[in-house]
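Peer 1: Before anything else, here's the structure in question.
The values are calculated or read from the model by the stated rules, or taken from the named source; none is laboratory data. Bear in mind that the values here come from a model prediction, so they are computed numbers and not experimental data. With ideal geometry, Cβ positions are generated from the backbone for all residues, glycine too; neighbour counts draw on all protein chains shown.
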């Protein structure tokens, strides 16, 4: 029985680490040169970062942390 709980705990830890380290859909570290900057900013509630919306040629939205709001 304790082996089952150890496996469950290990899976939960792995899921937590992956959710913190993996990017979300449409998120990038920096904008591509061909993306167009928008004036849309929002606070990502899960990371508490200010994100800027960028649009590519097809109109797809991409989310990039706003440089002046990044914590170092």
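Peer 1: Every residue in segment 10-26 that is surrounded by 10 or more Cβ atoms within 10 Å (Cβ to Cβ) and either modelled with pLDDT under 75 or not in a helix (DSSP H, G or I) (or both), please.
Peer 2: 19, 24, 26
Peer 1: Taking the conditions exactly as written (at pLDDT 90 or above and either exposed (fewer than 10 other Cβ atoms within 10 Å of the Cβ) or in a helix (DSSP H, G or I) (or both)), does residue 29 satisfy them or not?
Peer 2: In short, no.
Peer 1: Please specify each residue of segment 34-54 satisfying the condition of being more than 12 Å from residue 64 (Cα to Cα) and either part of a loop (DSSP other than H, G, I, E, B) or in contact with a helix residue (DSSP H, G or I) (Cβ under 8 Å, 6 or more places away or on another chain) (or both).
Peer 2: Those that are more than 12 Å from residue 64 (Cα to Cα) and either part of a loop (DSSP other than H, G, I, E, B) or in contact with a helix residue (DSSP H, G or I) (Cβ under 8 Å, 6 or more places away or on another chain) (or both): 34, 45, 46, 47, 48.
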